[in-house]
Amino acid sequence: MKSAEYSATLRISSESVSAADITRILHVQPTQMNEIGDPVSARLPGKLRTSATWRLESSASNAESLSTHIANLLRQIGDQNEAVRSLAATCDVDLFCGVFLEDDTAQCSLSVDMLQRIVPLGADVVLNLYLPGIPHPDQKWASIVRYPAHNVPRPDLNDQWRWPDAPDTLQQRLLKCLDSIETTVSEKIGNGTVDIHFATGSGQGELCLSHQTLTRLTALDLGLNLIVYDAALRERFINAIVPPRSSPPDSK
């Protein structure tokens, strides 16, 4: 499994607060900003923006880990966590993270320590996953959420994974997993992880972790471990989650 490349951007958008005011409130110069009424792009000068946007990009190399990119953004923000959180009350605020796979599988993690640094921002985390090669439109996405802690009750595996015909979104599946953990564990677990296995054939996938979800994870002292597959590798995906059952012995 080759390494992936990563990027991270703090994004703030608002229909009521200008980009200039966001800069003034945060005392941080953005990488890019646009005001309401600005053209959406040079190619579409007649289409105007209906919201102000403010973007601060990580300056770390794409070869660095996702945690390194987020830490880079946190350093740029400095002591303005409370200011970002106040903006989150009236603006859309998220950490937009790009995960660019160089192979058909990749893995990245956000430790509980990193999640605890993100939560005070009041921001969501959006993981945008880009897969190499040609999309496979006949291969739909699939995912599973697992809690592989030892010596602690964990959700029933069969209730936590679904193929595309299931109504649950990945976000809903993760919340169900947290519900189950909270009802079976009476105290913090201590540096555990929740594994998210994600496969997509579209060439791109997205996972949004709301601020509420991040808060629940940190309350349980849990980090996240994301494993991404090209959905064309369906068998590898299934076998990584549910080991093949051994054949029953022949009856005599």
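Which one is surrounded by the most Cβ atoms within 10 Å (Cβ to Cβ) among residues in the stretch 43-59 that are in contact (Cβ under 8 Å) with a residue 24 or more places away in the chain and within 21 Å of the chain's Cα centre (by Cα)?
Within the stretch 43-59, the subset in contact (Cβ under 8 Å) with a residue 24 or more places away in the chain is 50-58.
Now drop any that are not within 21 Å of the chain's Cα centre (by Cα), which leaves 53-58.
On the way: T53: 20, W54: 28, R55: 16, L56: 25, E57: 18, S58: 26.
The selected residue is W54.
Against the list (1) within 17 Å of G122 (Cβ to Cβ); (2) buried (at least 19 other Cβ atoms within 10 Å of the Cβ); (3) not small (G, A, S), the condition D79 fails is (2).
Test of understanding: among S14, S86, which residue is buried (at least 17 other Cβ atoms within 10 Å of the Cβ) and over 15 Å from V125 (Cα atoms)?
The conditions single out S14.
How about the stretch 41-76: which of its residues are more than 18 Å from T23 (Cβ to Cβ), among the charged types (D, E, K, R) and either touching a His at 6+ places or on another chain (Cβ under 8 Å) or in a loop (DSSP other than H, G, I, E, B) (or both)? R43, E64, listed by residue number. Can you find a residue in the stretch 91-103 that is surrounded by fewer than 19 Cβ atoms within 10 Å (Cβ to Cβ) and aliphatic (A, V, I, L, M)? Looking through the stretch 91-103, none of the residues is surrounded by fewer than 19 Cβ atoms within 10 Å (Cβ to Cβ) and aliphatic (A, V, I, L, M).
For P30, the test of being at negative phi and not in a strand (DSSP E or B) is passed. Here is the figure for the stretch 165-224: residues that are within 20 Å of D94 (Cβ to Cβ), polar (S, T, N, Q) and modelled with pLDDT of 75 or more total 5. Among the criteria (1) without any contact (Cβ under 8 Å) to a residue 12 or more places away in the chain; (2) in a strand (DSSP E or B), the one C108 does not fulfil is (1).
The values are calculated or read from the model by the stated rules, or taken from the named source; none is laboratory data. Just so it is clear, the model here is predicted, and its values are computed rather than measured. With ideal geometry, Cβ positions are generated from the backbone for all residues, glycine too; neighbour counts draw on all protein chains shown.
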